[in-house]
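The values are calculated or read from the model by the stated rules, or taken from the named source; none is laboratory data. In this text the structure is predicted, and so the values were computed from the model without any measurement. Neighbour counts run over all protein chains shown; Cβ positions are idealised from the backbone, glycine included.
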Amino acid sequence: MMVAAILAVVLARGAIPVDVDLTPAHALNRVDPLRAIGAGLDAENPGAPSAIYGAADVSAMLSSGLGPVSVRLLTELGVQDWHWNGAGTWSDAAAHDGYWTGSAVPHGTIANSWGYRLPHRGFTHDTAYDDDYSRLDDGDRSTYWKSNPYLTQAYTGESDALHPQWALVDLGTREPVDAIRLWWANPYATSYRVQYWSGYDALYAPAAGRWVDFPNGAVAAGRGGAVTLRLAPAPLRVQFVRVLMTASSHTCDTHGSADPRDCAGYAIDELGIGTLSNAAFHDEIRHRPDNTQTATYVSSVDPWHASTERVTEDVVPGLDAVFGSGLTRGLPALVPVSLLYGTPDDAVAEIRYLFVRGDALRGVEIGEEPDGQFVVPEDYGALYVQWTKALRAIAPSLPLGGPVFQGATSDVLTWPDAHGDASWLRRFIAYVRTHGATTRWNFMSFEHYPFGGCSTTPYANLLREPALASGILHVWRADGVPSNVPFLVTEMNYSADATAVFQAVPGALWFADSVGAFLSDGASGAYLYQYAPEPLQRTNYSCGTYGSYGMFTGTPAYAVRQKTAQYFAAQLVTQQWAQPIDALQSIVPAVQPAAGPAASPVSSYAILRPDGEVAVMLVNESATSSATVLLSFHNGMRALAFSGNVTEAVFGSAQYVWHGNGPSAYASPDGPALVGAIAPASSYTLEPASITILRGRVGALSP
């Protein structure tokens with residue numbers, strides 16, 4: 001019978017053929033799973049780190065089998081400067097304010113570190129706790145927004161016109177606009193343009209439109225102070241308006257002239273947008289000192305701040321606590337440096353500090369989530385070039401990378417450049433290349449949160465995950481990521497909103513699928529977010545379900561209350577699928593033939609381990625139906641099969657069920673996975689909603 005005919009019969013009977021290709025030349029990737037499959041650590045409530053980094057919690061986290069650690073940087077998302085070390089120096093030492101540089105000299109133990117608010121902030125909203133506001137429209141003329149001095153010619157070495165800074169207003173709906181009122185602070189813009197957005201949404205559909213100058217919106221010889229401009233002879237109905245600044249007065253701000261950074265960039269006290277009639281200005285902006293004000297966004301923010309600005313609502317784990325807890329297993333950890341709201345001197349001091357301590361570093365992520373803060377790629381690139389030049393001077397071989405995108409599943413887009421290119425990453429790569437910094441971009445990192453936490457169809461989402469995970473890697477390569485620049489998925493989970501899906505079986509299936517897909521398509525590392533046990537909470541109030549990002553439910557005191565589905569998935573992936581040793585292992589193809597219009601509910605991933613065993617991970621994403629898999633192996637033209645007993649490990653809806661939807665929800669039964677020896681067979685049955693790992697040695701088929 002022809003192969004196609006045999007396949008047709010098999011598919012008609014509902015069986016799913018999975019063929020594992022052990023031909024050495026066909027290996028998909030070689031990774032050390034102990035170093036490639038890890039977890040992220042992030043900011044916590046005050047008091048939580050002492051429990052999380054204590055012996056009991058650390059022991060529980062390590063028992064998951066996850067290896068490397070990635071330290072996250074919530075302060076960057078919250079428009080705050082990160083004081084990774086509480087000891088250090090201010091640029092204005094007498095006033096205890098200015099630009100902060102942490103001490104590179106270890107003294108005592110850094111158990112906690114803190115974020116500091118920026119008083120020259122121009123963002124109404126942020127992607128952390130969203131608990132601050134913009135100084136552009138707070139109604140207070142004593143406060144002002146100021147742009148980042150490190151984006152001026154003194155630091156970039158380029159004309160300021162190549163890094164125009166901007167302040168953007170979202171009026172919420174299309175409103176009549178023919179005038180703008182600006183109260184400039186120092187330094188003010190001597191050359192600027194007022195523009196409106198022609199398109200749907202300037203922020204969330206940036207490639208589907210363009211910025212257009214108002215008919216009278218160009219100013220070539222600005223003098224600062226209070227300015228009212230009639231922008232058009234008649235009102236235009238617009239939603240998004242921005243002021244684009246290309247030349248500065250270089251006059252010094254309220255902090256004086258002692259530090260040149262205080263005289264670089266642009267500053268605005270307050271702005272209004274609306275209509276002008278008979279010299280009367282009608283302002284469409286709500287001026288309030290909270291985030292109910294009219295929303296504004298800016299190109300950058302000056303990292304100047306004062307000792308009084310410390311944020312006390314959350315705490316970032318101290319680097320000493322992370323490395324001293326044992327959570328790193330002695331493996332190199334990935335650490336961040338503050339970029340968008342810090343200084344290169346502070347970044348250098350942090351890495352010097354870790355070197356003095358002898359902490360092992362896998363690499364340094366430069367900032368976090370610039371796309372979520374609407375930073376244009378050339379501005380991030382200019383900062384990246386400065387920071388990495390400074391870091392390379394003290395760490396010639398330390399891997400440096402970024403840009404740490406948010407959980408994108410498609411190309412990250414930005415406003416088109418003069419050539420019509422709207423790809424953020426392609427333009428960043430071009431900037432790094434033309435500025436001679438390609439040797440300082442040693443890995444490409446990004447986050448992965450593919451689904452909405454409120455989705456009521458998690459199993460349908462699971463069917464999409466393998467293609468989303470592998471697809472985004474192909475997108476990044478197509479944007480120009482060189483083949484020698486590895487991918488690190490430094491923060492990932494099912495959704496950016498922790499809901500009950502995380503603790504239920506779909507959370508486990510998602511993790512197995514995501515790790516399998518990323519490693520099979522060439523990623524060098526994947527980090528589950530996050531490691532620590534936390535109480536169940538509602539991170540998205542619109543759907544109201546309780547969940548937590550971690551592999552545990554935690555007590556209010558951050559002790560482990562119960563291991564959850566992702567914990568058992570992590571154990572399966574790191575201890576049953578991969579061999580849990582510090583050694584390279586080959587990810588090999590586990591191919592299913594095309595099954596016609598109906599997609600297979602089973603994902604398949606295979607690994608050749610150093611102990612000579614082949615492990616095949618099969619994820620049945622159907623909530624209700626079992627699946628039969630016909631498993632075969634080959635090496636070149638040789639057909640192979642399992643020889644001797646097969647280790648079978650199973651975790652799914654028969655071993656674990658999540659109950660409840662509130663802060664006291666729980667699992668019963670609550671695992672563990674079933675592990676045992678079975679005889680080799682030509683077919684295997686997968687339970688509904690389950691992860692099954694089949695592991696053993698393979699040899700030639702018996703005659």
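Quick notes
- Identity of the residue in region 112-143, in contact with a strand residue (DSSP E or B) (Cβ under 7 Å, 6 or more places away or on another chain) and among the acidic types (Asp, Glu), that ends up surrounded by the fewest Cβ atoms within 10 Å (Cβ to Cβ): 132
- Which listed residue is in contact with a His (Cβ under 8 Å, 6 or more places away or on another chain), hydrophobic (A, V, I, L, M, F, W, C), crowded, with 24+ Cβ neighbours inside 10 Å and assigned by TED's automatic domain parsing to the domain that holds residue 402, from 90, 84, 100: 100
- Residue check, residue 550 surrounded by 18 or more Cβ atoms within 10 Å (Cβ to Cβ) and at pLDDT below 95: yes
- Filter pass, residue 57 being of a type outside the set (A, V, I, L, M, F, W, C) and either in a loop (DSSP other than H, G, I, E, B) or in contact with a Leu (Cβ under 8 Å, 6 or more places away or on another chain) (or both): no
- Any hit, region 365-382, residues being in the same structural domain as residue 416 (by TED's automatic domain parsing) and either free of Cβ contacts under 8 Å to residues at least 24 places away in the same chain or assigned to a strand (DSSP E or B) (or both): yes
- Looking only at region 176-235, and only at residues there that are of a type in the set (S, T, N, Q) and closer than 24 Å to residue 146 by Cβ, the one that is surrounded by the fewest Cβ atoms within 10 Å (Cβ to Cβ): 228
- Residue in region 226-234 that is out of contact with any Asp or Glu (no Cβ under 7 Å at 6 or more places or on another chain) and outside any strand (DSSP E or B) present: yes
Conditions tested, residue by residue: (1) outside the structural domain of residue 77 (by TED's automatic domain parsing); (2) touching a strand residue (DSSP E or B) at 6+ places or on another chain (Cβ under 7 Å); (3) crowded, with 16+ Cβ neighbours inside 10 Å; (4) farther than 28 Å from residue 194 by Cβ.
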position	(1), (2), (3), (4)
249	yes, yes, yes, no
252	yes, no, yes, no
311	yes, yes, yes, yes
347	no, yes, yes, yes
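- When residues in region 473-483 are screened for being more than 19 Å from residue 604 (Cα to Cα) and within 19 Å of the chain's Cα centre (by Cα), 6 of them pass.
- Of the residues contained in region 106-119, none is found to be without any contact (Cβ under 8 Å) to a residue 60 or more places away in the chain and part of a helix (DSSP H, G or I).
- Only one of the listed residues (100, 82) is aromatic (Phe, Trp, Tyr), under 21 Å from the mean Cα position of the chain (by Cα) and at pLDDT 95 or above. That residue is 82.
- Residue within region 450-471 that is farther than 24 Å from residue 387 by Cβ, under 20 Å from the mean Cα position of the chain (by Cα) and among the β-branched types (Val, Ile, Thr) present: no
- First in region 476-490 and without any contact (Cβ under 8 Å) to a residue 24 or more places away in the chain, second anywhere and part of a loop (DSSP other than H, G, I, E, B), Cβ under 8 Å, 6 or more apart: 477/483
- Verdict on residue 334 being assigned by TED's automatic domain parsing to the domain that holds residue 65 and under 25 Å from residue 148 (Cα atoms): no
- Comparison of 516, 480 shows that the only residue that is of a type outside the set (A, V, I, L, M, F, W, C), surrounded by 22 or more Cβ atoms within 10 Å (Cβ to Cβ) and at pLDDT 95 or above is 516.
- Screening region 122-223 for strands (runs of 3 or more DSSP E) wholly inside it with 2 or more residues that are under 26 Å from the mean Cα position of the chain (by Cα) returns the ranges 165-177.
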